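Contents: one structure, followed by commentary.
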Amino acid sequence: MEYIDVLDENGIKTGEILSRKEIHQRGLWHRAIVIAIINENNEVLLQQRSINKDKNAGLWDISVAGHISTGQDSVSAAAREINEEISVGLQAKVSITDFRYIFSYRVSQKFADDYVENQFYDFFILRKNSLRAKDITLQKSEVQDAKFVSLQELEEILQTDCIVKREPVYDALRDYLYRY
């Protein structure tokens, strides 16, 4: 069972620690990470969420996203989530210094009466050269597919209903990719 630090509406830890399930049932604030993995061709890795997920099942999503466990910092959580969701065989080569922090934002969404997501997201970019989709081993309970897309392909996908809505992330990602 995953335990998470409860936050107040300003993102400060309250000292309370609850299970992920209870946090969502009660709609309490907590922190998560979002990571865009970009290769040397300026392509972004997208993952297709498992059809068995509680929310956004089967939708395409940013490279990696997940909760920050109790006692963990954002960068450590980012490395853990990469290893869990899309083990790329590069874990030994991924260092906390490889992550570029972009910004934080908060989202409040109600998916069901007993599933409210009040989250602060920390968004990172991870550049990994020579990474190909075929090199990725997916955690099937979390992810059913993964692919690299160009900025143009990302723009086309963003016009559909088949991708998780993360407008602040995609806006910052566009700005970042246009610079490189």
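Report the calculated FRET efficiency for residue 165 and residue 130 (r = Cβ-Cβ distance, R0 = 30 Å), to the nearest 0.05. Could the numbers behind the result be given before it?
Numbers: r = 31 Å, r/R0 = 1.03.
About 0.45, to the nearest 0.05.
Please list, in order along the range 153-160, the HN-Hα scalar couplings obtained from phi with the Karplus expression 6.51 cos²θ - 1.76 cosθ + 1.60 (θ = phi - 60°), rounded to whole Hz, x for Gly and Pro.
So the Karplus estimates, Gly and Pro as x, are 5, 4, 4, 5, 5, 5, 7, 10 Hz.
Give, as a single signed number, the net charge of other residues whose beta carbon lies under 14 Å from the beta carbon of residue 106, with Lys and Arg counted +1 and Asp and Glu -1.
Net of charged neighbours comes to -3.
What number results when the radius of gyration of the chain, computed over Cα atoms, is divided by 2.2 N^0.38 Å? Walk me through the numbers on the way to the answer.
On the way: Rg = 15.7 Å, N = 180, 2.2 N^0.38 = 15.8 Å.
Normalised Rg, Cα atoms only: 0.99.
Please give me, ordered by residue number, the GluC sites (Glu not before Pro) of the range 21-55 that lie in loop per DSSP and have at most 11 other Cβ atoms within 10 Å. Spell out each step's value before the answer.
Working: sites: 22, 40, 43; in loops: 40, 43.
Those satisfying the criteria are 40.
Set the bar at 19 Å for Cα to Cα. Now go through 55/140; 128/165; 55/128; 21/53; 21/140 and name every pair that lies beyond it.
From the list (55/140; 128/165; 55/128; 21/53; 21/140), the Cα-Cα distance tops 19 Å for 128/165; 55/128; 21/140.
Express the relative contact order of the range 3-179 as a whole percentage, based on alpha carbon pairs under 8 Å and six or more residues apart in sequence. Don't skip to the answer; put the middle values down first.
On the way: 348 pairs, mean separation 49.4, N = 177.
In percent, rounded to a whole number, it is 28.
What is the dipole size for the chain, taken about its Cα centre, with +1 at each Lys and Arg Cβ and -1 at each Asp and Glu Cβ, in debye to the nearest 20?
Dipole about the Cα centre, nearest 20: 340 debye.
Would you mind calculating the gained length between residue 150 and residue 112 on full extension (0.36 nm times residue separation, minus the Cα-Cα distance), in nm to one decimal?
10.3 nm
State, to one decimal in nm, how far the label point of residue 14 lies from the label point of residue 137, with both points 7 Å from Cα in the Cβ direction.
Taking the two extended label points, one gets 3.9 nm.
What order do you get for 108, 87, 74 when you list them from fewest to most C-beta neighbours inside 10 Å?
Taking fewest neighbouring Cβ atoms as first place, the list is 108, 87, 74.
Bear in mind these aren't lab numbers, they're just calculated from the coordinates by the rules spelled out. Not measured: the values here are computed from a predicted model. Quick reminder, even Gly has a Cβ in these numbers, built from the backbone with ideal geometry, and neighbours come from all protein chains shown.
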